[in-house]
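Q: Mind looking over this structure? Questions follow.
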Amino acid sequence: MLRRLASLPLRRPAAALLAAGVRCISSGSVEITLPLNFWAGKRRTGPEKCSKDIVYEPATGRVLCQLEPCGAVEVDQAVKAAKLAFGYWSKMSGMERARVMIEAAHIIESKREEIAEMEVVNNGKSITEARLDVDSARLCIEYYAGLASTLAGQHVQLPGGSFAYTRREPLGVCVGIGAWNYPFQIAAWKSAPALACGNSMVFKPSPVTPVTAVMLAEIYAKAGVPEGLFNVVQGGQETGSLLCQHPDVAKVSFTGSVPTGQKIMEMASKGVKPVTLELGGKSPLLIFKDSDLENAVRGALMANFLSQGQVCSNGTRVFVQKDILPEFVKEVVKRTQAIEIGDPLLESTRMGALVSQPHLDKVLSFVDRAKKEGATVLCGGESYVPSDPKLRGGYYMTPCVLGNCTDDMTCVKEEIFGPVMSVLPFETEDEVLQRANDTSLGLAAGVFTRDVRRAHRVVEHLKAGSCFINNYNITPVEVPFGGFKMSGIGRENGQVTIEFYSQLKTVFVEMGDVDSLF
Ligand SMILES: NC(=O)c1ccc[n+]([C@@H]2O[C@H](COP(=O)([O-])OP(=O)(O)OC[C@H]3O[C@@H](n4cnc5c(N)ncnc54)[C@H](O)[C@@H]3O)[C@@H](O)[C@H]2O)c1
Ligand SMILES: C[N+](C)(C)CCCC=O
């Protein structure tokens, strides 16, 4: 799959190479030549005549590969393959499906380093984070494999010995559409519950990060799923629209921005198809004066700088009680300035490159606008050029903390999706709750306090789907994740997600005679 430009030793198990201090790949050394579409069990090229998109390596700005966007013909082939596979897979027992999914999880574990490296090369995030993303993907598949055999209906007694029962049945061909910030993890978070319930899936990654979803498709195939059970079609909004509108598609699960989510919902409504929407956020983090300051600072950094700040659930509005503001700001700025930026494949790097040049420009323009609107840049907010010459074309910036922010500023109102934290002072609990909820979004929220009663009282009033007490941005796969208000519909992860990938059939059984009125 990879043509290595640098000369590398023969591939040994990744762990052995790492132990020897040798990376399997290095930034700027990878070029992807194999096709990135995958359906009916094989990698496939896209349409013969299509305008190819260029995919870049964020760390270096080099061309990584060419993307062949799928058109109506390819989308139809992928959906047909998924429909065929659904016929076999949906008839297997939960235990049988679980066995294959567990095998897929084992393969992911054995390829952890390879997948993480490709995620870094395509997305720009640090290798340390990419490994955690691969782990989350594997855990999600293991978790839903465990649930596959527990899907069950109910038995309801009716008069005269008659009864009814319910069957939990799969939906059919599900479509998954992903964003670029967690490419492999999103593909797994969508496919794991879908497959566990007996569905098949056609997945479309973001055109910016097309590389690792097809690795997942190969892993499922190797684990023994029927051909066509998990397919990948590449492309942008046209390919996505074709998928949403395809008559044989039963459900669309989408992760991305609010405006795209609205379009997806509109398209799905034409076929009355259920949707799961995991959309954007502008989440508040409330830090009370009685917090453990060390943990509050750590929480604020985790809430803002993971994945170069490109995280939907980020707590970018950091409300700090006035009494501790100077102390908090001093510590946050000190630690933000110490974040090591650079080659995302190096173990020591904590912040890699943003996903693309246009996205970097957009984030930097938010910082400029914040300055014009009266915010103070306490640190960062500038483009950054690493000293390593091969990284000079990469998309780096220094993580930014903005002070003197007010609720009406653009940096406080809009999702920036980059490493930019806005700090806002507050005085009372009632005041901060009102300000925290003053947004049309509601993905996540956090509170730091040592007062257990305050913590639960505050959380009860926060209008957000995921609330963190004395921590931030942890997403164990056993617990549901998703948004209130315009941040989305439905949930990913946790037991409840089974309900979003299955439907109930009620069966009435008459044990006597038909009591006819006619
Ligand atoms: N809530 C979550 O779990 C979550 C997770 C990650 C990202 N996000 C959100 O995603 C956004 C950033 O990601 P992005 O820039 O990739 O989002 P985006 O909405 O631009 O694109 C997301 C996906 O939708 C596809 N798409 C675009 N137009 C389409 C159309 N008309 N029909 C069908 N598909 C279409 C894209 O090709 C891509 O695959 C941020 O707002 C972020 O908050 C949310
Ligand atoms: C694992 N995180 C960091 C909470 C990310 C969840 C997915 C949102 O972008």
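Q: Considering region 133-173 alone, what residues qualify as being among the polar types (S, T, N, Q) and within 23 Å of the chain's Cα centre (by Cα)?
A: SER136, the sole residue that qualifies.
Q: Could you check region 486-517 and list, in sequence order, the residues that are part of a strand (DSSP E or B) and over 41 Å from the mean Cα position of the chain (by Cα)?
A: Correct list: VAL509 only.
Q: Within region 162-177, how many residues turn out to be touching a helix residue (DSSP H, G or I) at 6+ places or on another chain (Cβ under 8 Å) and more than 17 Å from THR497 (Cα to Cα)?
A: Result for region 162-177: 0.
Q: Does region 85-101 hold any residues that are touching a Pro at 6+ places or on another chain (Cβ under 8 Å) and crowded, with 16+ Cβ neighbours inside 10 Å, and which are they?
A: Of everything in region 85-101, those that are touching a Pro at 6+ places or on another chain (Cβ under 8 Å) and crowded, with 16+ Cβ neighbours inside 10 Å turn out to be ALA85, PHE86, TRP89, SER90.
Q: Could you tell me how many of the residues in region 26-74 are crowded, with 20+ Cβ neighbours inside 10 Å, assigned to a loop (DSSP other than H, G, I, E, B) and touching a Lys or Arg at 6+ places or on another chain (Cβ under 7 Å)?
A: 5
Q: Only residues that are buried (at least 22 other Cβ atoms within 10 Å of the Cβ), closer than 24 Å to LYS282 by Cα and within 27 Å of the chain's Cα centre (by Cα): list them for region 312-349, please.
A: Within region 312-349, CYS312, SER313, ASN314, GLY315, THR316, ARG317, VAL318, PHE319, VAL332, THR336 qualify.
Q: Only one of (1) without any contact (Cβ under 8 Å) to a residue 40 or more places away in the chain; (2) β-branched (Val, Ile, Thr); (3) under 23 Å from THR410 (Cβ atoms) is not met by VAL297, so which one is it?
A: Going through the list (1) without any contact (Cβ under 8 Å) to a residue 40 or more places away in the chain; (2) β-branched (Val, Ile, Thr); (3) under 23 Å from THR410 (Cβ atoms), VAL297 breaks only (3).
Q: Can you tell me how many residues in region 482-518 are more than 17 Å from GLY280 (Cα to Cα) and more than 16 Å from ligand 2 (Cβ to nearest atom)?
A: 23
Q: Related question: How about region 478-518: which of its residues are farther than 26 Å from SER440 by Cα, surrounded by 13 or more Cβ atoms within 10 Å (Cβ to Cβ) and among the aliphatic types (A, V, I, L, M)?
A: ILE498
Q: Take region 129-161 and flag every residue that is more than 16 Å from ligand 2 (Cβ to nearest atom), closer than 20 Å to THR497 by Cβ and surrounded by fewer than 24 Cβ atoms within 10 Å (Cβ to Cβ).
A: The answer is GLU142, ALA145, GLY146, LEU147, SER149, THR150, LEU151, ALA152, GLY153, GLN154.
Q: Moving to a separate point now. Confirm whether ALA59 is over 22 Å from THR239 (Cβ atoms), modelled with pLDDT of 55 or more and touching a strand residue (DSSP E or B) at 6+ places or on another chain (Cβ under 9 Å).
A: Spelling it out, ALA59 is indeed over 22 Å from THR239 (Cβ atoms), modelled with pLDDT of 55 or more and touching a strand residue (DSSP E or B) at 6+ places or on another chain (Cβ under 9 Å).
Q: Something else about it: Going by what's in this entry, would VAL22 be described as on the phi < 0 side of the Ramachandran plot and at pLDDT 95 or above?
A: Judged against the criteria, VAL22 is not a match.
Q: Only one of SER126, SER206 is within 30 Å of ASP343 (Cβ to Cβ), in contact with a Ser or Thr (Cβ under 7 Å, 6 or more places away or on another chain), buried (at least 18 other Cβ atoms within 10 Å of the Cβ) and among the hydroxyl-bearing types (Ser, Thr, Tyr). Can you tell me which?
A: The unique qualifying residue is SER126.
Q: While we're here: Quick check, is MET421 without any contact (Cβ under 8 Å) to a residue 40 or more places away in the chain, buried (at least 16 other Cβ atoms within 10 Å of the Cβ) and not aromatic (Phe, Trp, Tyr)?
A: no
Q: Filter region 407-436 down to the residues that are within 20 Å of LEU301 (Cα to Cα) and not aliphatic (A, V, I, L, M) and list them by number.
A: CYS411, LYS413, GLU414, GLU415, PHE417, GLY418, PRO419, SER422, PRO425, PHE426
Q: Looking at region 443-451, can you tell me whether even one residue there is assigned to a strand (DSSP E or B) and of a type in the set (Val, Ile, Thr)?
A: Yes: region 443-451 contains one or more residues that are assigned to a strand (DSSP E or B) and of a type in the set (Val, Ile, Thr).
Q: While we're here: Can you tell which of LYS282, LYS251, LYS273 is in contact (Cβ under 8 Å) with a residue 12 or more places away in the chain and closer than 16 Å to PHE484 by Cα?
A: Selected residue: LYS282, the only one of LYS282, LYS251, LYS273 that is in contact (Cβ under 8 Å) with a residue 12 or more places away in the chain and closer than 16 Å to PHE484 by Cα.
Q: GLY261 passes all but one of (1) within 16 Å of ligand 2 (Cβ to nearest atom); (2) without any contact (Cβ under 8 Å) to a residue 12 or more places away in the chain; which number fails?
A: Going through (1) within 16 Å of ligand 2 (Cβ to nearest atom); (2) without any contact (Cβ under 8 Å) to a residue 12 or more places away in the chain one by one, GLY261 breaks only (2).
Residue-wise test of (1) among the aliphatic types (A, V, I, L, M); (2) under 25 Å from GLN66 (Cβ atoms); (3) away from ligand 2 (no atom under 16 Å from the Cβ); (4) touching a Pro at 6+ places or on another chain (Cβ under 7 Å).
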| site | (1), (2), (3), (4) |
| --- | --- |
| ALA188 | yes, no, no, no |
| ALA192 | yes, no, no, no |
| CYS197 | no, no, yes, yes |
| SER200 | no, no, yes, no |
| LYS204 | no, yes, yes, no |
| THR209 | no, yes, no, yes |
| VAL214 | yes, yes, yes, no |
| TYR220 | no, yes, yes, no |
| PRO226 | no, no, yes, no |
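Q: Among the residues of region 485-518, which ones are hydrophobic (A, V, I, L, M, F, W, C) and over 18 Å from HIS155 (Cβ atoms)?
A: MET486, ILE489, VAL496, ILE498, PHE500, VAL514, LEU517, PHE518
Q: Now for a different question. Take SER348 and decide whether it is in the same structural domain as GLY446 (by the TED database) and outside any helix (DSSP H, G or I).
A: Against the criterion (in the same structural domain as GLY446 (by the TED database) and outside any helix (DSSP H, G or I)), SER348 qualifies.
The values are calculated or read from the model by the stated rules, or taken from the named source; none is laboratory data. Just so it is clear, the model here is predicted, and its values are computed rather than measured. Every residue, glycine as well, gets a Cβ built from its backbone with ideal geometry; the counts of neighbours run over all protein chains shown.
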